[in-house]
Each structure stands twice: as C-alpha cells, then as structure tokens.
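Report on one structure; see the data block that follows.
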Amino acid sequence: MFSFFLNSCSDKKDAEDSSSYFSFDKSKIGIEVADQELGIKFNPPAGWDLTPASISKKIESRGSANDSFIYKPTYIFFNGTTGSLLSVGKVITNDSTLSKSSVLNYYKGLISSKHKNDKLSIGKFINSKIAFTQFEIRKENLLSFKIIFENRNREIIQFDYTIRQNSFDKSESVIKASIGSIRNL
C-alpha cells in the first residue's frame, strides 16, 4: 500500500520516500498523452477513458476576486467500474501582485487552508527532475489526490485523481503508475 495513503492528518513526507508515490509499471497505464499547451506528457491509468472536459473551471479563493486561482481541466478520464476520475489542467491566477516565484507556494497554502477540516496529508517527491507536491484529501467516502508541479514555463499543472475509498484497492496501482508517467516536454 502507498505510504502516502497511510499518512495521518497534516503529515508531511520527505522527498527521500519518492518511490512510494509512483511506479513505472507500464502495464498499468493507458496511451500516452502529449500536450504542448500544458508542456507535459503523461499516461492516464489503464481502463480510464477520456471523456469530454465539460467540467467547468474551478475557482479557488480566500475571499476576494483578486485573490483567486482558476483551475480549468484540459483532460478528464473516467473509470466507469470504480467511478474514479482524473482531471488534468493548468492553474492560473489573476493576482498580479504575486511574484512568479511565489505563485506555487501561495496556491499550495490555499489548498491547505481550504481542506483544513478534512483529513489532509501533504507529501513532496521528485520524479523526472520535477518537484511534485501531493495533497491527499479524505472527505466522507472520497479520496482525492491533487498532484501539483510546475512545467518548464513555470506554469502550475494539476493532476486531480478522485476515487471512492472503497475502490482504493482496485485503483491504487494504476494511479501510482500514472503518476510515474508524468514528464515535462
């Protein structure tokens, strides 16, 4: 079982435990997706089908319109058997007062604040020269794994894996392999 799934609320994992966050099992992933606009390539979990990205943009904010981030999924993958969902997209901010170097940290803080009443675990790991931050959020019967990193253009990319807790055993290995496939172009 992943060590990041076992963390208790607000635990932080060191990058030295990187291999517990991902795998390189090519039998567990679908066809490669390369996207110039996102600046990445990745493989969705095996058996998760691409569906129209009809999910509207999601706004994360601390209250004011100038203090918000917008996450707009470019790709949505769905597994009908387990009800699992993966959305992949870019996160942008309309706050012009944030320096380019502080945008990612500010967004991480916003996610942490938003989910402070949920069971939240935060982990960091490195794969393919990319520094990832993972937020594991347990809320009611759902598990959400937000994987956040910067592409080569220093834009924030987010992978959001959402599964039912009772489907975890069926989904664990394919999610781990999908995470291991993420690369910058």
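Summary table
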| read-out | value |
| --- | --- |
| Burial ordering of Tyr161, Tyr71, fewest other beta-carbon atoms within 10 Å first | Tyr71, Tyr161 |
| Positive-end extreme of charge dipole, the stretch 12-184 - chosen from Ser87, Phe159, Tyr71 (charges on Cβ) | Tyr71 |
| Karplus (6.51, -1.76, 1.60) ³J(HN,Hα), θ = phi - 60°, over the stretch 138-151, in Hz, Gly and Pro reported as x | 10, 9, 6, 9, 10, 10, 10, 10, 8, 9, 10, 7, 9, 7 |
| Per-residue Cβ neighbour rank within 10 angstrom, fewest leading, Glu136, Glu155 | Glu155, Glu136 |
| Taking the stretch 12-184 and dividing mean pair separation by its residue count, relative contact order in percent (alpha carbons under 8 Å, at least six apart) | 29 |
| Convex hull volume per residue in cubic angstrom - Cα atoms of the stretch 12-184 | 117 |
| For Ser68, residues with placed amide H under 5 Å, excluding near neighbours | Asn94, Asp95 |
| Fewest-first ranking of Val88, Val33, using other Cβ atoms within 10 Å as the exposure measure | Val33, Val88 |
| Built amide H within the under 5 Å cut-off of Val33, gap 5+ | Phe42, Asn43 |
| For Ala46, residues with placed amide H under 5 Å, excluding near neighbours | Ile29, Gly30 |
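Any read-out appearing in this document is the output of simple, stated calculations on the displayed coordinates, not a laboratory observation. Bear in mind the structure is a predicted one, so any value in this text is a computation, not a measurement. All Cβ positions, even for glycine, are placed from backbone atoms using ideal geometry, and neighbour counts span all protein chains on display.
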